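Nothing in this text is a laboratory measurement; each read-out follows from the coordinates by a stated rule. Note that this is a predicted model, so its numbers are computed, not measured. FYI the Cβ positions are ideal-geometry reconstructions off the backbone, even for glycines, and counts take in every protein chain you see.
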Amino acid sequence: MRVVLCGYNWIGCKVLKELLNLNYEVFVYTHENPPHINSLLQLCEKLNINCTTEKIALTNLPFKPNLICSIYYRYIIEENVIAAVDGKIFNLHPSLLPKYRGCSSITWAMINNEKKVGFTFHYIDSGIDSGNIILQKEILIEEWDTQITLYHRIMFRAAEYFKEVINAVLDGDKGISQNNSLEYYKRGCPFDGEINPEWSEDKIERFIRAMNYPPLPYATFKGYIIKSINDYKLIIENLKRDR
């Protein structure tokens, strides 16, 4: 079985080990990473797995794969690559599709006061996060969750279902069609990371937690870094005193 893994971060590392445990021949497309991101590139070098940081393309496929897995890959995969694997290509997305297609899905779900989020394994088609759903699971958002804790809870849970998804795809499971929702969030920090004082206190508190993913920037207010709702209240009091 020949498999292409398009992956990144620790979840990409975890999935690579799963594929190797299945005795598959694996080629990896990944990205250069900063020090705080677990390096799939270094893991491939350590395990002597062929890999590249070039974007996946029909012209650089190392072989005709039986399957392509996209796990936290940051490039759009072209239609001719999808065709080359006869549609046996899937992605892991950290939302309950069709809600929160695109980027920053966990962050936006927290800001929008969703009570649950989750993950979706879905086929890749010509759209963005629009292919048929293979498997989907819900996870409750806790009152104490930050973006970083919720992201890791979602991904650890998703990893438990990876082999089940592979089996479904190889068995020819067509998945379940998504609806025609146009909901899509583009790449970039929500509201540029800036707290709007006209929001309710509850939304401000959620926004602060939703922005918490060190070493990425925390929420800000009038140039001040805000790490908690108490930080925000203190800044408001100080600004009132200084008037």
In nm, to one decimal, how far is the modelled label at E25 from the one at R187, with both set 7 Å along Cα→Cβ? 3.3
Using the alpha-carbon atoms, what tilt in degrees (0 to 90, nearest 10) does helix 229-242 show relative to the longest principal axis of the chain? 40
Give the order of W199, W108 when sorted by the count of other beta carbons within 10 angstrom, beginning with the fewest. W199, W108
I need the Debye-formula profile for region 2-185: one equal scatterer per C-alpha, no solvent, reported as log10 I(q)/I(0) at q = 0.10, 0.17 1/Å, two decimals. -0.37, -1.12
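Placing unit charges on C-beta atoms (Lys and Arg positive, Asp and Glu negative, everything else neutral), compute the dipole magnitude of region 17-70 about its Cα centre in debye, rounded to 20.
80
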Rounding to the nearest 10 and keeping the result within 0 to 90°, find how far the Cα-based axis of helix 201-210 lies from the longest principal axis of the chain. 40
Listed with the fewest Cβ neighbours within 10 Å leading, D231, D171, D129 appear as D171, D231, D129
So how far apart, in nm, are the two label points at F63 and E138 if each is 7 Å from Cα heading toward Cβ? 4.2
In whole angstrom, how far apart do the alpha carbon centroids of region 138-160 and region 75-122 sit? 15
What percent antiparallel are the DSSP beta bridges of region 2-185, to the nearest 5? 40
Choice from Y29, Y184, Y73 showing the highest fluctuation, given a GNM over the chain with Cα pairs closer than 10 Å: Y184
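Starting from the Cα-Cα distance between S126 and T220, subtract it from 0.36 nm times their residue separation and give me the gain in nm to one decimal. Walk me through the intermediate numbers first.
Values: separation 94, 0.36 × 94 = 33.84 nm, distance 3.70 nm.
Taking 0.36 nm per residue and subtracting the Cα distance, the gain is 30.1 nm.
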Given a Förster radius of 51 Å and the C-beta distance between Y75 and R241 as r, what FRET efficiency does 1/(1 + (r/R0)^6) yield to the nearest 0.05? 0.55
